[in-house]
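**Student:** Sharing a structure with you now.
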Amino acid sequence: MGRLKELLDSNRQWAQRMSREDPTFFSSLVAQQAPRYLWIGCSDSRVPSTQIVDLPPGEIFVHRNVANVVVHADLNCLAAIQYAVDVLKVEHIIVVGHYGCGGVQATLNGLRVGLADNWLRHVGDVMAKHDTLLDATVQERRLDVLCELNVIEQVVNVCQTTIVRDAWDRQQPVCVHGWIYALTDGCVRELGMEIDSFDRLAESYQSALQAIGQRAAGENVCLPPKADEIVLTPPATSCCGGRHD
Ligand SMILES: [Zn+2]
């Protein structure tokens, strides 16, 4: 076990390439951090934030943990949200789950993985809250459905933080989104949660939940693309618009 030579070599090559392509790249990043987005995602190595939406460093403020959970009293996540909203003034907070999430799967299957079981208990709470829907879902779709449910519940948790509510109270524009990423094709799907005021939370939650229920029941419900509301490169809704084809 020595130095991580391959990573350090790769870093040097990357830095040289970036400087070659844009001589001001690093100096402009040093001068200012002004991301428009806060990404709250899973720690899974297959879901790297900036790479998925093809943005360079400096564009997304990131918080990741196992199974993209937003816990009301998690100071780590709250600090990231507070800094992003109050200091960086991000305009969008995006909770990004992914299909095939190992943490969600462990919860669904009742697998013991160790200390992380205590963290994943929050996903267990989501599972218990929606047990009727999950029981009515065919076995092979249950993991997908719980991954989606976990995202919309974490979106609700973001919206209920004092940080986001205070921002809305002072008319600061912040929109909270729920996305899910498919490892199988690299595409992001919106889950119908685009919430820019507390008044919209209950209605958005109910309609997103209803759509999940309909898809779980096998109905071909594709969420409408809303690429005009949040423009990334490439547009996040540029693929099929639904994974139920
Ligand atoms: Zn995951």
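**Student:** Quick check: pseudo-label points 7 Å beyond the Cα along Cα→Cβ at Gln206 and Asp166, how many nm apart are they?
**Tutor:** 3.1
**Student:** Taking a ≥ b ≥ c as the square roots of the Cα gyration tensor eigenvalues, with a/c under 1.5 meaning rounded and otherwise prolate when a/b beats b/c, else oblate, which class fits segment 1-139?
**Tutor:** Prolate is the answer for segment 1-139, as a/c is 1.5 or above and a/b outweighs b/c.
**Student:** So, one more: Compute from the Cα atoms of the chain the Rg and the Dmax, the latter being the longest Cα-Cα distance, and quote both in angstrom.
**Tutor:** 18.7, 57
**Student:** Over segment 59-203, what is the relative contact order in whole percent, taking alpha-carbon pairs under 8 Å and six or more residues apart?
**Tutor:** 30
**Student:** Applying 1/(1 + (r/R0)^6) with R0 = 41 Å to the Cβ-Cβ distance of Ala79 and Val138, what FRET efficiency is obtained, to the nearest 0.05?
**Tutor:** 0.55
**Student:** Okay, next question. Order the peptides 192-201, 35-44, 130-139, 51-60 from the highest to the lowest mean number of other Cβ atoms within 10 Å of their residues. Each step should come with its number before you reach the end.
**Tutor:** On the way: 192-201: 18.4, 35-44: 21.8, 130-139: 13.4, 51-60: 15.6.
Top to bottom by mean Cβ count within 10 Å: 35-44, 192-201, 51-60, 130-139.
**Student:** Moving to a separate point now. Under a crude label model (7 Å from the Cα following the beta-carbon direction), how far is Gln13 from Asp185 in nanometres?
**Tutor:** 3.2
**Student:** To the nearest Å, what is the center-to-center distance of segment 6-49 and segment 103-165, using C-alpha atoms only?
**Tutor:** Taking the Cα centre of each part, segment 6-49 and segment 103-165 sit 31 Å apart.
**Student:** Only helices at least 27 Å long along their axis, Cα-based, and averaging 0.5 or more on Kyte-Doolittle count here, so list those DSSP H runs from the chain.
**Tutor:** none
**Student:** I've got another one for you. Ignoring everything except DSSP H segments at least 4 long, calculate the 222 nm mean residue ellipticity for the chain; use -39,500 (n - 2.57) per segment, divide by total residues, nearest 500.
**Tutor:** That comes out to -13500 deg cm²/dmol.
**Student:** Quick one: compute the contact order of segment 1-139, relative version, from alpha carbon pairs under 8 angstrom and 6+ residues apart, as a percent.
**Tutor:** 22
**Student:** While we're on this one: What translational diffusion coefficient, to the nearest whole µm²/s, does segment 115-219 have by Stokes-Einstein, given a Kirkwood radius computed over alpha-carbon pairs, a temperature of 20 °C and 1.002 mPa s viscosity?
**Tutor:** Calculated translational D: 145 µm²/s.
**Student:** Provide the packing ranking of 111-120, 7-16, 204-213, 91-100, i.e. peptides ordered by the mean count of other C-beta atoms within 10 Å per residue, highest first.
**Tutor:** Most protected by this proxy first, the peptides run 91-100, 204-213, 111-120, 7-16.
**Student:** Treating only the Cβ atoms of Lys and Arg (+1) and Asp and Glu (-1) as charged, compute the dipole magnitude of segment 32-216 about its Cα centre; round to the nearest 20 debye. Working shown, then result.
**Tutor:** Details: 14 positive and 22 negative charges, 53 e Å.
Dipole about the Cα centre, nearest 20: 260 debye.
**Student:** Please compute the contact order of the chain in relative form: average sequence separation of alpha-carbon pairs under 8 Å and at least six residues apart, divided by the residue count, as a percent. Kindly include the intermediate steps, with their values, before the conclusion.
**Tutor:** Working: 360 pairs, mean separation 43.9, N = 245.
Taking the mean separation of contacting Cα pairs over the length of the chain, I get 18 percent.
**Student:** Can you find, among Ala211, Leu120, Val188, the residue sitting farthest towards the positive end of the charge dipole of segment 32-216, where Lys and Arg contribute +1 and Asp and Glu -1 at Cβ?
**Tutor:** It is Leu120.
Readers should treat all values here as calculations from the given coordinates under stated rules, not as data from a laboratory. From a predicted model like this one, the values you see are computed outputs, not experimental measurements. Glycine gets a Cβ as well: all are built from the backbone with ideal geometry, and neighbour counts include every protein chain shown.
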